[in-house]
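*Asks:* Pasting a structure below so you can have a look.
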2 protein chains.
Amino acid sequence: MTASSPAASELVARRARLLAPSYRLFYAEPLQIVRAADVWMYDEGGRAYLDAYNNVPVVGHCHPAVVEALAQQARTLNTHTRYLAEQPLQLAEELLATLPSELGRVIFTCTGSEANDLAVQICKAVTGRRGFIISDFAYHGATDVLAGMSPEDGAPLGPGVYVVPSPGSAAGPAEFGAGVRACLGRMQADGVGVAALLLDTIFSSDGVVADPRGFIAAAVADVRAAGGLFIADEVQAGFGRLGEMWGFQRHGVTPDLVTMGKPMGNGHPVAALVGRAEVLDEFARRRRYFNTFGGNSVSCAAARAVLQVIRAEGLLQNAERTGAYLQAGLHKLAARQPAIRTVRGAGLFIGVELGNPRDGASGAAETQRVVNALRHRGILVGTTGRGGNVLKIRPPLTLQPQHADLLLRELEQVLPAAG
Amino acid sequence: MTASSPAASELVARRARLLAPSYRLFYAEPLQIVRAADVWMYDEGGRAYLDAYNNVPVVGHCHPAVVEALAQQARTLNTHTRYLAEQPLQLAEELLATLPSELGRVIFTCTGSEANDLAVQICKAVTGRRGFIISDFAYHGATDVLAGMSPEDGAPLGPGVYVVPSPGSAAGPAEFGAGVRACLGRMQADGVGVAALLLDTIFSSDGVVADPRGFIAAAVADVRAAGGLFIADEVQAGFGRLGEMWGFQRHGVTPDLVTMGKPMGNGHPVAALVGRAEVLDEFARRRRYFNTFGGNSVSCAAARAVLQVIRAEGLLQNAERTGAYLQAGLHKLAARQPAIRTVRGAGLFIGVELGNPRDGASGAAETQRVVNALRHRGILVGTTGRGGNVLKIRPPLTLQPQHADLLLRELEQVLPAAG
């Protein structure tokens, strides 16, 4: 790893001295970022980078309405949910209004990991079972129990965790329902009751799989018929990124539990679990749960401001419109560029699969080359998928067509010359 | 439960409709809080309450320096640790400067639960063992694995989790070392290797046990001799509350891992794990870990401001001085008040045990009565301990002698007339 400037080199050396080596930097030449606004991030020399990667700043970096709400509430009160206060109730009302009426109760946490971990605890407690079904390259979070449900991160599967072939694999979405049915059969044979099916509704780590609409519905029905619950992990897909508020809406299913996080506070650590009242009522009868910072006054103010900006600026509509524009441009590019294998996604969550399908390793290396080349041309994107050969494009939902044009132009420049 | 005003009644009803029933309110008449400053919280009618309960706002509610740091950074940049940036490194440097030099590496998380959960994962991965020793009325957090290490919350113990008699129980601190030694014997008999001893260094849920200094040291040495690590859970004791920066300093031991959270951002969700370099290096070789919001620019700015205020306002010294003043007053009160059984604690973390030692149930009811009576007199305290008969007093570290006098005066008023 080489740094791009003496200042960056010094930061790399300090990181190695101060932080655990678990920390990883993006890019062969790590990038120092000193400020950001809307879809732009700026390095220490003042150079602008188009942020087409970060899904957290969903309404644009440092959105003034979110900053002002945060600052105003922090000046007034920041306390927990064991006193009565308006903030968590207002947020709960506004959040529930975006969800199907069957989902009637909220628990606030601070991170998507905490929300997913709580969902697992709820499903275990309420069903009395320990079996969980996940896709085989899933990522659901960083706690002990979730590491065992996040094969993308390489830790061994936890006890009672079963995997089905990722819809991003060769099997594809068409085989997903059959995979879950076969998995339920294996679980029955093993005497493991199914507590829940846990799915990231955009299958981000699996390589971004959005279509066909409804492809998870049969699996959800089969899991329910076997007595299990369905947890929609909306930590990546939620808050309008797909052009609809929630990823599960693409599939015509209503989850028993919905978890959400990353974009919820536009960078502020706030997350939540929403569920059917009877499930959360039963959990409360069996177990206690309290989260000190969950639903604190300031986190609620930040999350309310994000919802307000999404509505006021029409960001669902923009995600759909600019997402369709960007996807159309990528499809056009793919038609004349054999390096692009497929373009997938919904709204502003797009995966661009590169390379030869029979050669995963060189696909990953080529994808890394493209990501690094784009960084040097002022465009930030990431990679995903089991083969590491999918460009992950998730800009703030304020992206405009001229930004999409810039991304398309630069991507074409860094791809190999079409033969 | 009855609410104190029509507005409060309406909030209680909305909570029941919107939030999961896991949520609990303090007080027989729940309190609506609308703003707070320094050691004061204010209800909707403008009445002031002395906050002698909340350990999170360690430098005082809504401290302007923390609010300003938060707002300034939120306006500029809020991003994660996969780009190079000054903020997490500056915070790591300032944090490590408060810790023994053996503790050389930091991982940031968002909550104390995430930090403790990560500590558990690290100890499992590094030792290859699954045995954990905790005190038998411990609380360490709300994730799935920590629920099994938090008997205070009533969930069953997790696999491999062993308990030793709480130093807050009849056995007392003098028996703590023998309890851990006996526990190691049971683990050996069961063929369970000890991964770690995990202790809240102020034993908050156990009823607040600070003395004698050094009472945990033999247990730490025995666990290490058996190949285990020592995790100091400083989520409650840390950041100066005991008149020293860290609770483990009272005991003359250096932990392998230190976890911290609650007060770290004065209410902002920021937390961390600090450990010996060789332990965290080994973890990184065996497992991946990333926390999206952990070490984000704004959380780091808030935590840096808290450290700065603790130094600038001499809050360790104030915690020690005003804590000693308050404890002396409580001891004087206890001498003429048979309702007070013992006064324990360090700095501004104080437990006042009430009632007859042979009658836990009536002690709990009496303690609830005292807490509710104090609330009506404008003083906020809580309860703790297995018997629920310990008043938990943890005000912001800015508490002054006149606030302590007010607390002492009101406490005397609500205790039964001395016979």
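The values are calculated or read from the model by the stated rules, or taken from the named source; none is laboratory data. If you're wondering where the values come from, they're calculated on a predicted model, not measured in any experiment. Cβ: placed from backbone, ideal geometry, glycine included. Neighbour counts: every protein chain shown.
*Asks:* Determine which member of the set A:Leu197, A:Leu157, A:Leu184 is part of a helix (DSSP H, G or I) and within 17 Å of A:Cys123 (Cβ to Cβ).
*Replies:* Exactly one of A:Leu197, A:Leu157, A:Leu184 is part of a helix (DSSP H, G or I) and within 17 Å of A:Cys123 (Cβ to Cβ), namely A:Leu184.
*Asks:* Check A:Ala20, A:Ala28, A:Ala48 and return the single one that is crowded, with 17+ Cβ neighbours inside 10 Å and either at pLDDT 95 or above or within 25 Å of A:Leu391 (Cβ to Cβ) (or both).
*Replies:* Being crowded, with 17+ Cβ neighbours inside 10 Å and either at pLDDT 95 or above or within 25 Å of A:Leu391 (Cβ to Cβ) (or both) holds for just one of A:Ala20, A:Ala28, A:Ala48, which is A:Ala20.
*Asks:* Take the residues in the stretch A:341-355 that are in a loop (DSSP other than H, G, I, E, B) and touching a residue at least 60 places away in the same chain (Cβ under 8 Å), then tell me which one is nearest to A:Gln317 (Cα to Cα).
*Replies:* Restricting to residues being in a loop (DSSP other than H, G, I, E, B) and touching a residue at least 60 places away in the same chain (Cβ under 8 Å), the top hit is A:Gly347.
*Asks:* Given A:Gly172, A:Gly158, which one is away from chain B (no Cβ under 13 Å), under 23 Å from the mean Cα position of the chain (by Cα) and surrounded by fewer than 20 Cβ atoms within 10 Å (Cβ to Cβ)?
*Replies:* Numbers: A:Gly158 fails: away from chain B (no Cβ under 13 Å).
Step by step, each of A:Gly172, A:Gly158 is checked, and only A:Gly172 is away from chain B (no Cβ under 13 Å), under 23 Å from the mean Cα position of the chain (by Cα) and surrounded by fewer than 20 Cβ atoms within 10 Å (Cβ to Cβ).
*Asks:* Considering the stretch B:130-155 alone, what residues qualify as being modelled with pLDDT of 95 or more, of a type outside the set (S, T, N, Q) and out of contact with any helix residue (DSSP H, G or I) (no Cβ under 8 Å at 6 or more places or on another chain)?
*Replies:* B:Gly148, B:Pro151, B:Glu152
*Asks:* Oh, and also: Looking at (1) farther than 26 Å from A:Ile107 by Cβ; (2) in the same structural domain as A:Phe349 (by TED's automatic domain parsing), can you tell me which one A:Glu10 breaks?
*Replies:* Condition (2) is where A:Glu10 drops out.
*Asks:* Quick one: is A:Gly363 under 30 Å from A:Gln73 (Cβ atoms), in contact with a strand residue (DSSP E or B) (Cβ under 7 Å, 6 or more places away or on another chain), not basic (Lys, Arg) and not in a strand (DSSP E or B)?
*Replies:* no
*Asks:* Quick one: which helices (runs of 4 or more DSSP H) lie wholly within the stretch B:265-340 and hold at least 2 residues that are surrounded by fewer than 22 Cβ atoms within 10 Å (Cβ to Cβ), under 22 Å from the mean Cα position of the chain (by Cα) and not β-branched (Val, Ile, Thr)? Show your work before the answer.
*Replies:* On the way: elements: B:277-286, B:297-312, B:315-336.
The qualifying helices (runs of 4 or more DSSP H) are B:297-312, B:315-336.
*Asks:* May I ask you to list the residues in the stretch A:202-214 that are in contact with a Pro (Cβ under 8 Å, 6 or more places away or on another chain) and closer than 26 Å to A:Tyr53 by Cβ? Break it down stepwise before answering.
*Replies:* Going residue by residue through the stretch A:202-214, those that are in contact with a Pro (Cβ under 8 Å, 6 or more places away or on another chain) are A:203, A:206, A:209, A:211-212.
A:Phe203, A:Asp206, A:Val209, A:Asp211, listed by residue number.
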